[in-house]
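Worksheet: the structure to be examined is printed underneath.
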Amino acid sequence: MPGMWWVVGTILAVGLVVAYLVWTAGRVDRLQARAELAARALDAHLLRRAAAAAVLAERRYGVELYGAARIALDARPDEREAAENDLTRQLRAVQLDPADPDCEAVIAASRRLALARQVHTDLVRDARAARSRPVVRLFRMGRRHEWPRYFDIDDPTLT
């Protein structure tokens, strides 16, 4: 009977380790899913800002801004960062009047985009940190998902 405590203790320790591994795997999956959802939300905000900029350019500011907005709308994923940075530069070069509804739409879309980018960056950082932990790498808990990527653009906030 005295040897029975070792068995119970061993089973309890193995159960705690398994519970920790299951919890860690669930956390990695949740963080990865949140980072993917944030990437989709960021993409939607990028499209909204580019569409608002295209409408503004059609009505007031001409071909350079319109061209940058169309390129941002039509860009492939590997060209997206450069196209969005160019659109941001074009928008900063234009004098936007907050009293004008079209300009106000672009400014509001840019503010929402800045917030979405910050949320995305935070979630990608958290997902990368969780996936780079030794236990996660050892048991390959993140292998079902591709490595989360940052979306590196200039600060899109307009004044």
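The values are calculated or read from the model by the stated rules, or taken from the named source; none is laboratory data. These numbers were taken from a predicted model, which means no experiment stands behind them. In this analysis, Cβ positions are derived from the backbone assuming ideal geometry, glycine residues included, and neighbour counts consider all displayed protein chains. Note: accessible area is taken over every heavy atom of the protein model, side chains too, but ligands, DNA and RNA are not part of it. Shrake-Rupley method; radii C 1.70, N 1.55, O 1.52, S 1.80 Å.
Which members of region 67-79 meet the condition of being surrounded by 14 or more Cβ atoms within 10 Å (Cβ to Cβ) and either farther than 14 Å from residue 47 by Cα or among the aliphatic types (A, V, I, L, M) (or both)?
Across region 67-79, the qualifying residues are 67, 68, 69, 71, 72, 73, 75.
Identify, by number, the condition in (1) in contact (Cβ under 8 Å) with a residue 12 or more places away in the chain; (2) within 30 Å of residue 20 (Cβ to Cβ) that residue 137 doesn't meet.
(1)
Check 157, 121, 88 and return the single one that is of a type in the set (Val, Ile, Thr), open to solvent by 50 Å² or more (accessible area, probe 1.4 Å) and within 21 Å of the chain's Cα centre (by Cα).
Working: 121 fails: open to solvent by 50 Å² or more (accessible area, probe 1.4 Å); 88 fails: open to solvent by 50 Å² or more (accessible area, probe 1.4 Å).
Going through 157, 121, 88 in turn, the sole match is 157.
Among the numbered conditions (1) open to solvent by less than 100 Å² (accessible area, probe 1.4 Å); (2) farther than 30 Å from residue 113 by Cβ, tell me where residue 12 comes up short.
(1)
What is the number of the single condition among (1) among the charged types (D, E, K, R); (2) farther than 21 Å from residue 150 by Cβ; (3) open to solvent by 100 Å² or more (accessible area, probe 1.4 Å); (4) at pLDDT 95 or above that residue 48 does not meet?
So the condition that residue 48 fails would be (2).
With 38, 19, 25 as the choices, which residue is open to solvent by less than 100 Å² (accessible area, probe 1.4 Å), in contact with a helix residue (DSSP H, G or I) (Cβ under 7 Å, 6 or more places away or on another chain) and either under 15 Å from residue 154 (Cα atoms) or assigned to a helix (DSSP H, G or I) (or both)?
Answer to the selection: 38.
Do the conditions hold for residue 44, that is, is it within 28 Å of the chain's Cα centre (by Cα) and of a type outside the set (Val, Ile, Thr)?
yes
Restricting attention to region 97-114, does a residue exist that is in contact (Cβ under 8 Å) with a residue 40 or more places away in the chain and open to solvent by 50 Å² or more (accessible area, probe 1.4 Å)?
Yes; the residues of region 97-114 include at least one that is in contact (Cβ under 8 Å) with a residue 40 or more places away in the chain and open to solvent by 50 Å² or more (accessible area, probe 1.4 Å).
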